[in-house]
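Structure first, commentary second.
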Amino acid sequence: MKRLNFTFIIIMACVLAYIGTQVSNEYYIGVATLLLIHAVNATALNILLGYTGIISIGQAAFFGLGAYVAAVLSTNYGVNPLLTMPIAAAAAFAVAYLVGSPILKLHGNYLAMATLGMGMILYIFMNEMDFITGGPSGFVGIGDIIIGKFDLADEKSFFVFMSIFFMVFLFICELFDKSFLHNKLKFIKNSESACRSYGITPAKTKVMVFASMAALTAFNGAIFTFYTHFISPVSFSFKYSVELLAMATIGGLGYITGGVVGAVLLGLVPELFSAFEEYEMIIYGGLLAVVIMFLPGGISGTLKRLVKRNA
Amino acid sequence: MQFLYSGLTSGSIYGLVALGFNIIYNTTGLINFAQGEFVMLGGMLIYTLFCMFEIPFYTALPLTLAGCFIIGVLYERVFIHLARYKTEINLVTLTIAASIIMRDVAMHIWGRDSLRVDDYIPVVNVQMPGGVISSQSILIIAVSLLVAWGLNFFLKKSKYGKAMRACFDDQTAAETCGISVRNVRIMSFAVSSAMAGIAGVIISPITFVTYDDGIMIGLKGFAAAILGGLGNFWAAVAGGILLGIFESFSASVIPSGYKDAMAFFVILLILFIKPDGLFGRKKATRV
């Protein structure tokens, strides 16, 4: 078994601790919280695309599904926010399992189109079912997460909560990255027929991975709901799926660091350059194309290769 | 009956898009995500030439198609040919990236509004048994069938068409017989984008043209291609028409906001029951 990448975990922990203790500007803390949320989503997509070879461009839909389930349950039915998160995850798991089981038997091509379609459909449902979701104008009046005495209402306490969640998530991902399971998934990516001859059922494993990642994304979506207190379908459109795809790919497919690096990089750039927003999608598309064409390992993969060559 | 007529109209457009998917799938094994974007491009180009610069229609049409043809060639050369690692996932992601770029470049050039293209022929409603059908719809149906027939003719009779069909069957064998597979690839991208361009041109007077039309029409074209079965040209047209009719009948039962969801349910249903498509050959799906 390979060693865990402790350097990366420690660096992330230090950065989060620094932001949590030293930065007092509420706006920056808010940006950091959002970056963490993007990073979790991008990492989930990275596990799908980089490890297992499942291309999904409907991740935003699962994110939105989780957000809406949590919002509706906590606001309309008075369910404890903490309890809504696993429910949201379970709902997304069920949807992903149902949709995934026919599609994942097929090749990557079909999958991309089908997940795109599913994303569009869920987006349409969010817009059309206004009696539940509030339609295009959004869903308001979402409460806070309350853990014991702590009410996570202000930016800072929420950041602490999100950081803890993120570090736990990162640690589990690192464990996964060094586990046998990850070899199995990469095996599926490289050759499905070889897998079959070794007694692995690719379709079954792929469906489980797809559904688990959908559940994770939905869980994250529920957290997002209680952070922003306001959700509307715009946040979960096709554009966000593409952003996630760009984050995972540019950061580096098949590396746990990749999703995080990509999310931080692509998340920070629009904050730094306001003129960027207008050409956002062109730049994302262009970067995506260039990285896939010339640097298949993304930033993480390229750095790792350079380090190895010089060492 | 009215539903049947409107279904036929939209269905023949889906059929045209599905044909484009088919051509590229046959030569490269790829689903081209930017197919819908080429439909949008066709509409945009005809708007620019015909309505903005007021070039006569019979000059504007060939120019538009030539434009789509050339962009199709560039698309293959830049995105597909240059990619260093040509795995299936990489190429699919590349076509997604290309479609995003095309969509947003179109947004910057033509803006976010729906653009109205003038009618090519005078609009008259023709009384048919059980309903009316406008002359535009008749034009769309006629042109689609004509294009499908023309394509069939091109593939069966012409030298290039025969080369393309040879590549569909077996690329290695075709290469050994002296057919340049590279040129056939370029050709298939160019032909399919020109066909998408035709679809864009004929549909834009009815639905208008917006920069983000491409996603939906691409998705529906794909649904049509799946419904008919990838790898079979007439099946693609039939799949498109079936999908169109199905969609317009479903619009009479459920609220129209959900109409776009139908295409997706069709994809899922077909993949679930019969992944080869209704009229597909076994080769097409490669499960």
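The values are calculated or read from the model by the stated rules, or taken from the named source; none is laboratory data. Predicted, not measured: the structure shown is a model, and the values here were computed from it. Backbone-built Cβ (ideal geometry, glycine too); neighbour counts: all protein chains shown. Protein only, heavy atoms only, side chains kept; ligands, DNA and RNA dropped before computing areas. Shrake-Rupley method; radii C 1.70, N 1.55, O 1.52, S 1.80 Å.
Test A:E271 against the criterion of being part of a helix (DSSP H, G or I), among the acidic types (D, E) and more than 14 Å from chain B (Cβ to nearest Cβ), and give yes or no. Here the answer is yes, as A:E271 does meet what is asked.
Within the option set B:A173, B:A196, being open to solvent by 30 Å² or more (accessible area, probe 1.4 Å) and away from chain A (no Cβ under 14 Å) holds for one residue only, B:A173.
Here's the yes/no breakdown for (1) closer than 18 Å to A:F165 by Cα; (2) out of contact with any helix residue (DSSP H, G or I) (no Cβ under 8 Å at 6 or more places or on another chain); (3) among the hydroxyl-bearing types (S, T, Y); (4) touching a residue at least 24 places away in the same chain (Cβ under 8 Å):
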residue	(1), (2), (3), (4)
A:A60	no, no, no, yes
A:L73	no, no, no, no
A:Y77	no, yes, yes, no
A:A88	yes, no, no, yes
A:F93	no, no, no, yes
A:A96	no, no, no, yes
A:L104	no, no, no, yes
A:M113	no, no, no, no
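The condition of being within 14 Å of chain A (Cβ to nearest Cβ) and farther than 20 Å from B:H108 by Cβ does not hold for B:T59. Residues that are within 14 Å of chain B (Cβ to nearest Cβ) and touching a Gly at 6+ places or on another chain (Cβ under 7 Å) number at least 2 in the following helices (runs of 4 or more DSSP H) confined to region A:106-216: A:108-128, A:180-190.
Kindly evaluate A:S212 against the criterion of being under 19 Å from A:L45 (Cα atoms), touching a residue at least 60 places away in the same chain (Cβ under 8 Å), polar (S, T, N, Q) and buried (at least 19 other Cβ atoms within 10 Å of the Cβ). So A:S212 fails the test.
Is it the case that region A:224-239 has a residue that's open to solvent by 10 Å² or more (accessible area, probe 1.4 Å), in contact with a helix residue (DSSP H, G or I) (Cβ under 9 Å, 6 or more places away or on another chain), in a helix (DSSP H, G or I) and within 13 Å of chain B (Cβ to nearest Cβ)? The answer is yes; a qualifying residue exists.
Of the residues that make up region B:3-14, is at least one in a helix (DSSP H, G or I) and farther than 19 Å from B:V237 by Cβ? Give the steps one after another, and end with the answer.
Initially, region B:3-14 is screened for residues in a helix (DSSP H, G or I), giving B:3-14.
Still in the running and farther than 19 Å from B:V237 by Cβ: B:3.
Yes, there is a match, as at least one residue in region B:3-14 is in a helix (DSSP H, G or I) and farther than 19 Å from B:V237 by Cβ.
For A:I55, the conditions (1) within 17 Å of A:G221 (Cα to Cα); (2) within 19 Å of the chain's Cα centre (by Cα) are fulfilled apart from (1).
Using the structure shown, decide if A:V242 is closer than 30 Å to A:F139 by Cα, buried (at least 20 other Cβ atoms within 10 Å of the Cβ) and at the interface with another protein chain (Cβ under 9 Å from one of its Cβ atoms). When the stated conditions are applied, A:V242 passes them. Of all residues in region B:75-95, those that are within 9 Å of chain A (Cβ to nearest Cβ) have Cβ atoms under 8 Å from Cβ atoms of residues that are among the hydrophobic types (A, V, I, L, M, F, W, C) and open to solvent by 30 Å² or more (accessible area, probe 1.4 Å), 6 or more apart or on another chain, in B:R84/A:F294; B:L94/B:F79; B:T95/B:F79.
Listed residues B:V147, B:V123, B:V143, B:V73; which is among the aliphatic types (A, V, I, L, M) and over 19 Å from the mean Cα position of the chain (by Cα)? Give the steps one after another, and end with the answer.
Numbers: B:V147 fails: over 19 Å from the mean Cα position of the chain (by Cα); B:V143 fails: over 19 Å from the mean Cα position of the chain (by Cα); B:V73 fails: over 19 Å from the mean Cα position of the chain (by Cα).
So the residue among B:V147, B:V123, B:V143, B:V73 that is among the aliphatic types (A, V, I, L, M) and over 19 Å from the mean Cα position of the chain (by Cα) is B:V123.
Can we say B:A173 is of a type in the set (A, V, I, L, M, F, W, C) and touching a Leu at 6+ places or on another chain (Cβ under 8 Å)? Don't jump to the end; show me each part of the working.
On the way: of a type in the set (A, V, I, L, M, F, W, C): yes; touching a Leu at 6+ places or on another chain (Cβ under 8 Å): no.
So B:A173 does not fit the description; no.
Exactly one residue out of A:Y110, A:Y97, A:Y77 is more than 17 Å from B:F222 (Cβ to Cβ), of a type outside the set (D, E, K, R) and modelled with pLDDT under 90, and it is A:Y77.
Scanning region B:225-267 for residues that are of a type in the set (A, V, I, L, M, F, W, C), within 12 Å of chain A (Cβ to nearest Cβ) and under 19 Å from B:S6 (Cα atoms) yields B:I254, B:A261, B:M262, B:A263, B:V266.
One residue stands out among those in region B:148-168 that are touching a Gly at 6+ places or on another chain (Cβ under 8 Å) and of a type in the set (A, V, I, L, M): the one that is surrounded by the most Cβ atoms within 10 Å (Cβ to Cβ), which is B:A148. Being assigned to a helix (DSSP H, G or I), open to solvent by less than 10 Å² (accessible area, probe 1.4 Å) and within 12 Å of chain B (Cβ to nearest Cβ) is the requirement here; does A:V260 meet it? Answer is no for this residue.
From A:F150, A:F165, A:F159, A:F169, which residue is modelled with pLDDT of 85 or more and surrounded by fewer than 18 Cβ atoms within 10 Å (Cβ to Cβ)? Only one candidate qualifies: A:F165. When region A:107-120 is filtered for residues that are open to solvent by 10 Å² or more (accessible area, probe 1.4 Å) and under 21 Å from B:K274 (Cβ atoms), the ones remaining, listed by number, are A:H107, A:G108.
Could you grab me the full set of residues in region A:52-91 that are aromatic (F, W, Y), buried (at least 24 other Cβ atoms within 10 Å of the Cβ) and either in contact with a Lys or Arg (Cβ under 9 Å, 6 or more places away or on another chain) or over 30 Å from A:S300 (Cα atoms) (or both)?
Our first condition is that a residue be aromatic (F, W, Y); within region A:52-91, this holds for A:62-63, A:68, A:77.
Remaining after also requiring buried (at least 24 other Cβ atoms within 10 Å of the Cβ): A:62-63, A:68.
Once the filter is applied, which keeps residues that are aromatic (F, W, Y), buried (at least 24 other Cβ atoms within 10 Å of the Cβ) and either in contact with a Lys or Arg (Cβ under 9 Å, 6 or more places away or on another chain) or over 30 Å from A:S300 (Cα atoms) (or both), region A:52-91 yields only A:Y68.
Considered as a group, the residues in region A:269-292 that are among the β-branched types (V, I, T) and open to solvent by 30 Å² or more (accessible area, probe 1.4 Å) include one that is modelled with the highest pLDDT, and that residue is A:V290.
The set of residues from region A:293-311 being open to solvent by 10 Å² or more (accessible area, probe 1.4 Å), within 14 Å of chain B (Cβ to nearest Cβ) and either touching a strand residue (DSSP E or B) at 6+ places or on another chain (Cβ under 9 Å) or touching a residue at least 40 places away in the same chain (Cβ under 8 Å) (or both) comprises A:P296, A:G297, A:T302.
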